[in-house]
Structure formats: C-alpha cells, structure tokens
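In what follows, a structure is listed as structure tokens, so that the remarks can point back to it.
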Amino acid sequence: MAQQDRIVGLIGSLGMKAPCRAATSVDCTLSGVKTIDGVSLASGDRVLVKAQADPVENGIYVVGTAAWERAADFDGVRDVLRGTTVPISEGTVPAITIWQLSSSGILIGTSELTFTQIIGSGGGGGLSASAFMQTVLDDVSAAFARQTLEAAALN
C-alpha cells in the first residue's frame, strides 16, 4: 500500500500543512473539546499546539472528546521537516498567521518541537486578501484538505 506523507504527498517534498483552526499560546491538557484562544473547538478540528511545557508534545493535533491524537500529516518522521509551515485561521492572538517549525533532526514523540511565527501580526489582522482572493484560497485549501483526507483514508 502506498505511503502518503510530505515526501510522496500531494505537493511533493514541500513541508506545508493544511490550516489549523486555532493555536495554543499556553500549556494545555491535550484532551476533550474546549475553547482555545477564543475559538470554541469541535471534535475533528485541527489545532497547532506550540506552547506545551514539554515541547516534545508540540505539533498538530485533532480535537477529540477523549485524548487528542496527532494529525495524520504530523505523526511520523516523514511528515515534517525543519521549515514546515502551518497557517492558523481563527483565534484572538494567532489568527491569520503562519508558523514555521524551527526545530531540526525531528523525531515525533522524542524531539522538542519549536514553532516560530513567520507571517502575520495575529489578532485577525495578520494577513489580508481581497474577498475574491480569499475565496480562491479557501477553495484551494478545502480541495487540498479533501485530497489529503481521501489519501489518508486509502492507507
């Protein structure tokens, strides 16, 4: 069965992830449905966890009613590399920003993961686009997310 990851994935060897709905700015318990940075999360939402006391726990997670799981595109050594970028779509502080993994020699579950903001000022005013361009970006992001989920389901 074919392996789907950043190396052989939909966009070649680029380390760009589908958007996360919110991002943490403080250490939090990685379980249960909760509100993070003003965003009321639901099961299945993607969250960039970037502020854990133990940075080994940082990464992209999928919200669940029990323990959160690392997202399928962020749970293995071939899924991420130094420079991987993650856009954030909602929230009070990191909304409409892009974060980059600045760690190197990454082994998920072992390596300390550090994310650095590279684009946007947060607070919903980080990036701007015309209504037309935002629709195009939303359509492309939605199509990419659908393809990623379909590819993951094939595995």
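The values are calculated or read from the model by the stated rules, or taken from the named source; none is laboratory data. As the structure is a prediction and not an experimental result, all values here were calculated from the model. Because the Cβ atoms are built from the backbone with ideal geometry, glycine has one as well, and the counts that use them run over all protein chains shown. Side chains included, ligands, DNA and RNA excluded: accessible areas come from the protein's heavy atoms. Shrake-Rupley method; radii C 1.70, N 1.55, O 1.52, S 1.80 Å.
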Checklist entry - Taking the range 52-75 as the search range and keeping residues that are at pLDDT below 95 and touching a helix residue (DSSP H, G or I) at 6+ places or on another chain (Cβ under 8 Å), which one is most open to solvent (accessible area, probe 1.4 Å)? => result Ala72
Checklist entry - Within the range 17-32, can you find the residues that are surrounded by 15 or more Cβ atoms within 10 Å (Cβ to Cβ) and part of a loop (DSSP other than H, G, I, E, B)? => result Lys17, Ala18, Pro19, Arg21, Thr24, Ser25, Cys28, Leu30
Checklist entry - Which condition breaks for Val49 when tested against (1) in contact with a helix residue (DSSP H, G or I) (Cβ under 8 Å, 6 or more places away or on another chain); (2) surrounded by fewer than 19 Cβ atoms within 10 Å (Cβ to Cβ)? => result (2)
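Yes or no: Gly44 at pLDDT below 90, assigned to a loop (DSSP other than H, G, I, E, B) and surrounded by fewer than 17 Cβ atoms within 10 Å (Cβ to Cβ)?
no
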Next on the checklist: Tell me yes or no: at least one residue of the range 77-86 is more than 15 Å from Thr116 (Cα to Cα) and open to solvent by 30 Å² or more (accessible area, probe 1.4 Å).
Outcome noted: yes
